[in-house]
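Each remark here refers to the structure printed beneath this line.
The values are calculated or read from the model by the stated rules, or taken from the named source; none is laboratory data. Everything numeric here is computed off the predicted structure, so don't read it as measured data. Methodologically, a virtual Cβ is constructed for each residue, glycine included, from the backbone with ideal geometry; neighbour enumeration extends over all protein chains shown.
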Amino acid sequence: MRCRKCPQRAVLGMPRHNTAYCGPCLTEFVRTQVQKAIKAQTMFSPEDRILVAVSGGKDSLTLWEILLKLGYRTDALYVDLGIAGYSERSHEKVERFARDVAKACGSKLIIHTVEEDAGAGIKELANLIKRPTCSACGTIKRYQFNRVAWENKYDVMATGHNLDDEAARLLGNVLNWQEEYLQKQSPTLPASVEGFSKKVKPLYRMTEREVAAYAVVNRIDYLVEECPMSKGAKMLVYKDVLNRLEAESPGTKHRFYWGFLEKQKKAAESTPSMTDSDQATLLPCETCGQPTTAGTCTFCRMMARAKTATH
Ligand code: SF4
Ligand SMILES: [Zn+2]
Ligand SMILES: [Zn+2]
């Protein structure tokens, strides 16, 4: 198989675009797609300071690398969850990338360690408060990411969600008719209120396979293993179903997610944006000061329950 842009041998066939690229042309294609995503969804400008959430996996490290290569002012946050074995390995990959690649671009890595902060790793913490590990993990990661971004005055927080992630999430939301989640599912979520940072997903135009190929071509040393807690997750089932549909009919994921974005755009144009009265429902948390709809935010309530459980 030959590259469609030059005489080199192709490293990746892309049936959804009816094309194939060699390493350098793939790199150019992916970076162009990310740049298009940033523009199309008004994610950020070259003056903005960006905080990328990194896990040591291919998507987040690739995103960090691409933003640096495109010249954006980007730093990263790694949340060490304290999951025996997995966290040490992912931590090491992130540190290595920060030292070997990011540092030369003036980019820094911020680390938050759950065990240091909460006195226990995520699994123990979730057990203490009798909640599923992934749900406690989601609360902690969302909270810490927002806190670090806000305290350090980053303009925007970026995550490595790709097209497969977004299409699978969309399928889950549609199957369960989770309308309020559907409303909030977007590659760009504005900083709606004081204390909440803007959130973006610059890889939403790239499939998992394309991101993985980019990472290999660009020698990004990432952790291949997934978090052990993800076993049996519904998202993996949705991804599998979409992959089967994609194999039968290339471009399915793309059409599914793009169609949704189009409909969402039309709906937004015909409905008024958030009003002051909507914003007034969010107040500073009584314990930590971050915005919340309740008196005390979910994170602080969770921590308080964990404390009581240990006594
Ligand atoms: S699989 Fe669950 S525990 Fe692991 S990183 Fe994801 S949300 Fe956290
Ligand atoms: Zn080429
Ligand atoms: Zn709080």
Does any residue of region 229-245 turn out to be at negative phi and within 16 Å of ligand 2 (Cβ to nearest atom)?
-> no
Got at least one residue in region 177-186 being surrounded by 15 or more Cβ atoms within 10 Å (Cβ to Cβ) and in a helix (DSSP H, G or I)?
-> yes
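Only one of 267, 309, 215 is within 30 Å of residue 87 (Cα to Cα), loosely packed, with under 15 Cβ neighbours inside 10 Å and more than 16 Å from ligand 1 (Cβ to nearest atom). Can you tell me which? Let's see the steps before the verdict.
On the way: 267 fails: within 30 Å of residue 87 (Cα to Cα); 215 fails: loosely packed, with under 15 Cβ neighbours inside 10 Å.
Testing whether each residue is within 30 Å of residue 87 (Cα to Cα), loosely packed, with under 15 Cβ neighbours inside 10 Å and more than 16 Å from ligand 1 (Cβ to nearest atom) leaves just 309.
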Sort through 246, 194 and tell me the only one that's crowded, with 19+ Cβ neighbours inside 10 Å and in contact (Cβ under 8 Å) with a residue 24 or more places away in the chain.
-> 246
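Can you name every residue in region 230-250 that is touching a Cys at 6+ places or on another chain (Cβ under 8 Å) and either part of a loop (DSSP other than H, G, I, E, B) or over 23 Å from residue 63 (Cα atoms) (or both)?
Going through region 230-250, the residues touching a Cys at 6+ places or on another chain (Cβ under 8 Å) turn out to be 230, 233.
The answer is 233, and nothing else.
Is it true that residue 136 is at pLDDT 95 or above, within 16 Å of ligand 3 (Cβ to nearest atom) and either crowded, with 19+ Cβ neighbours inside 10 Å or on the phi > 0 side of the Ramachandran plot (or both)?
On the way: at pLDDT 95 or above: yes; within 16 Å of ligand 3 (Cβ to nearest atom): yes; either crowded, with 19+ Cβ neighbours inside 10 Å or on the phi > 0 side of the Ramachandran plot (or both): yes.
Taking the combined requirement at face value, the residue satisfies it.
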Scanning region 280-305 residue by residue, those of a type in the set (Val, Ile, Thr), in a loop (DSSP other than H, G, I, E, B) and either touching a residue at least 40 places away in the same chain (Cβ under 8 Å) or exposed (fewer than 14 other Cβ atoms within 10 Å of the Cβ) (or both) turn out to be 281, 293
Please state which of the following conditions residue 90 fails to meet, knowing it meets all the rest: (1) at pLDDT 95 or above; (2) within 12 Å of ligand 1 (Cβ to nearest atom); (3) touching a helix residue (DSSP H, G or I) at 6+ places or on another chain (Cβ under 9 Å).
-> (3)
Within region 1-36, the residues that are free of Cβ contacts under 8 Å to residues at least 40 places away in the same chain and touching a Cys at 6+ places or on another chain (Cβ under 7 Å) are 3, 5, 6, 8, 9, 10, 20, 21, 22, 25
When only residues in region 94-109 that are crowded, with 17+ Cβ neighbours inside 10 Å, in contact (Cβ under 8 Å) with a residue 24 or more places away in the chain and away from ligand 1 (no atom under 14 Å from the Cβ) count, which is farthest from residue 228 (Cα to Cα)?
-> 107
May I ask you to say which residue of 179, 210 is of a type in the set (Asp, Glu) and under 21 Å from residue 25 (Cβ atoms)?
-> 210
Test for residue 131: is it in contact (Cβ under 8 Å) with a residue 40 or more places away in the chain, away from ligand 2 (no atom under 16 Å from the Cβ) and either more than 29 Å from residue 303 (Cα to Cα) or assigned to a helix (DSSP H, G or I) (or both) = no
Of these, 74, 32, which one is assigned to a helix (DSSP H, G or I) and of a type in the set (Ser, Thr, Tyr)?
-> 32
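Do we find that residue 225 is of a type in the set (Asp, Glu), modelled with pLDDT of 95 or more and surrounded by 15 or more Cβ atoms within 10 Å (Cβ to Cβ) in this structure?
Numbers: of a type in the set (Asp, Glu): yes; modelled with pLDDT of 95 or more: yes; surrounded by 15 or more Cβ atoms within 10 Å (Cβ to Cβ): no.
So residue 225 fails the test.
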